[in-house]
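**Q** Sending over a structure as structure tokens; questions will come in a sec.
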Amino acid sequence: MPDNNEFFSKNLTDVAILPTDKFQDWDAFVMSCPEATFFHRAGWKQVIEQAFGHKTWFLYVEENGQIQGVLPLAEVNSLLFGHSLSALPFCVYGGIAAISDDARIKLDQAAQQLAAYLKVDYLEYRHFQPFHQDWPTKDLYVTFRQKIAPDVEQNMLAIPRKQRAMVRKGIKNQLQGTIDQDTERFFQAYSTSVHRLGTPVFSRKYFCLLKTVFGDDCELLVITKDESIVSAVMSFYFREEVLPYYGGGTDLARGLAGNDFMYWELMRRACERGYQIFDFGRSKQGTGSYNFKRNWGFEPQPLFYEYQLHRAQVVPEHNPLNPKYQLFIKAWKKMPLSIANLIGPYIVKNLG
């Protein structure tokens, strides 16, 4: 099989593969393009390749030396979960980001041809807005985004009464928030939480790479009580937005309102730093996470995950709500945490 560059030089001369010396140009475009998100940044190429070993295809279109559109793609080929080409696995948003219809069309055509060439089961885009309305889609996921008021007290009063009481409970319990530069305490809280939910854990390497690659735009907020870890969250900063992305709590969190305090502390800090959007991230409709975010007064906004089926006959359902995974989830919850943390990364890296 030809390598990345050979395939494009022979088949798609208007579309190029991102080289290392083009990362700065790519990221400059992403920062300025209204359609782009944090998950379009070039650093995801390094993270996905090094953390999971998946092949990436970061495509761009250029005109007169200026990038006009980008499409970060990654190929996941798993015996358990199938063969896919997605923009972008492990990311809630993705798809094409472009400033011209011509660039958007070229990138879309390139992705479809690449998917056929690779003989994948399906090609997937993760857009905010519908793009291929004739493709199969999922209405499982929504996202929660809301403006941050310029005044801290305004943000507190904007939280519905019952949820505001939980935040004040965390404050009354004298919880403290600190910013860590390494992932050790964060991983302890996160891994404990996902194990409780019966979900395989990501590797420590993955989180270390995120912190290394994205630097100060990847922040670790750890909540403690008398030096004991209560909860922690890894957040991304992009333009005027803060995105709490991975988080969880230890066994102390529920009784101390640790997660409630944690998200308030993140919002408070973001407000004081002048950020304008709090992106609570995606949730599956009808889940505890979905209800938790609505309790904060956030309204769900649809996400459009669209699929061009190639070898697959139906849209994939690789999520915990799929009934066929229920026995696995129950068994995973009973597994010792140390073993779950050892095995989990080998499973989750193929889910995307």
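**Q** For the chain, with every protein chain kept in place, what is the accessible area per residue (1.4 Å probe, Å²)?
**A** 47 Å²
**Q** Would you mind checking the pairs LYS45/LYS106; LYS138/LYS225; LYS211/LYS293; LYS45/LYS169; LYS147/LYS172 and listing those with alpha carbons more than 31 angstrom apart?
**A** Result: LYS138/LYS225; LYS45/LYS169 exceed 31 Å.
**Q** Turning to a different aspect of this structure: Can you tell me the orientation of helix 258-272 relative to the chain, as the angle in degrees between its alpha-carbon axis and the longest Cα principal axis, to the nearest 10?
**A** 70 degrees
**Q** Place the peptides 186-195, 22-31, 127-136 in order of packing, highest mean first, counting for every residue the other Cβ atoms within 10 Å and averaging per peptide.
**A** In decreasing order of mean packing, 186-195, 22-31, 127-136 become 186-195, 22-31, 127-136.
**Q** To the nearest 10 degrees, how steep is helix 161-172 against the longest Cα principal axis of the chain, on a 0 to 90 scale?
**A** With rounding to tens, the tilt is 70 degrees.
**Q** Which percentage, to the nearest 5, of the DSSP beta bridges contained in the chain is antiparallel?
**A** 90 percent
**Q** Another question about this same structure. About its Cα centre, what dipole magnitude does the chain give when the only charges are +1 on Lys and Arg Cβ and -1 on Asp and Glu Cβ, stated in debye to the nearest 20?
**A** Computed charge dipole of the chain: roughly 1780 debye.
**Q** Work out, step by step, the length gained on full extension between LYS169 and GLN66: first 0.36 nm times the residue separation, then minus their alpha carbon distance; give nm to one decimal.
**A** The LYS169-GLN66 span can extend by a further 31.9 nm.
**Q** Taking a label point 7 Å from the Cα of ASP217 along the Cα→Cβ vector, which residues of the stretch 166-191 have an amide N closer than 20 Å to it?
**A** Label zone hits: 180-183.
**Q** Something else now. At 0.36 nm per residue, and after removing the present C-alpha to C-alpha distance, how many nm does the segment from PHE131 to GLN112 gain when stretched out fully?
**A** 5.5 nm
**Q** If you take every DSSP beta bridge whose two residues both sit in the stretch 72-189, what share of them, in percent to the nearest 5, is antiparallel?
**A** 55 percent
**Q** By how many degrees, 0 to 90 and rounded to 10, does the Cα axis of helix 23-32 deviate from the longest principal axis of the chain?
**A** Helix 23-32 sits at roughly 70 degrees to that axis.
**Q** Loop by DSSP (not H, G, I, E, B), at most 15 other beta-carbon atoms within 10 Å: where is the longest site-free stretch of the chain for GluC sites (Glu not before Pro)?
**A** 1-226
**Q** Once you sort the root eigenvalues of the Cα gyration tensor of the chain as a ≥ b ≥ c, which label holds: rounded (a/c under 1.5), prolate (a/b larger than b/c) or oblate (the other case)?
**A** Cα axes put the chain in the prolate bin.
**Q** How much length, in nm to one decimal, is gained on full extension between SER289 and ASP139, taken as 0.36 nm per residue of separation minus their Cα-Cα distance?
**A** Stretched out fully, the SER289 to ASP139 stretch lengthens by 52.4 nm.
**Q** Now, a different point. Rounded if a/c is under 1.5, else prolate if a/b beats b/c, else oblate: with a ≥ b ≥ c from the C-alpha gyration tensor eigenvalues square-rooted, which is the stretch 149-275?
**A** In terms of gyration-tensor shape, oblate.
**Q** Report in % the part of the accessible area of the chain that belongs to carbon and sulfur, leaving out ligands and nucleic acids; probe 1.4 Å.
**A** Reported share for carbon and sulfur atoms: 50 percent.
**Q** Could I ask something else about it? Considering the dipole of the chain built from charges on the beta carbon (Lys and Arg +1, Asp and Glu -1) around the Cα centre, which of SER289, PRO316, TYR122 is farthest to its positive end?
**A** Value computed over the given set: SER289.
The values are calculated or read from the model by the stated rules, or taken from the named source; none is laboratory data. Worth saying up front: this structure is predicted, and the values here are computed from it rather than measured. A quick note on method: Cβ atoms are made from the backbone with ideal geometry, for glycine too, and the neighbour counts reach across all protein chains shown. Note: areas computed on protein heavy atoms with side chains; ligands, DNA, RNA excluded. Shrake-Rupley method; radii C 1.70, N 1.55, O 1.52, S 1.80 Å.
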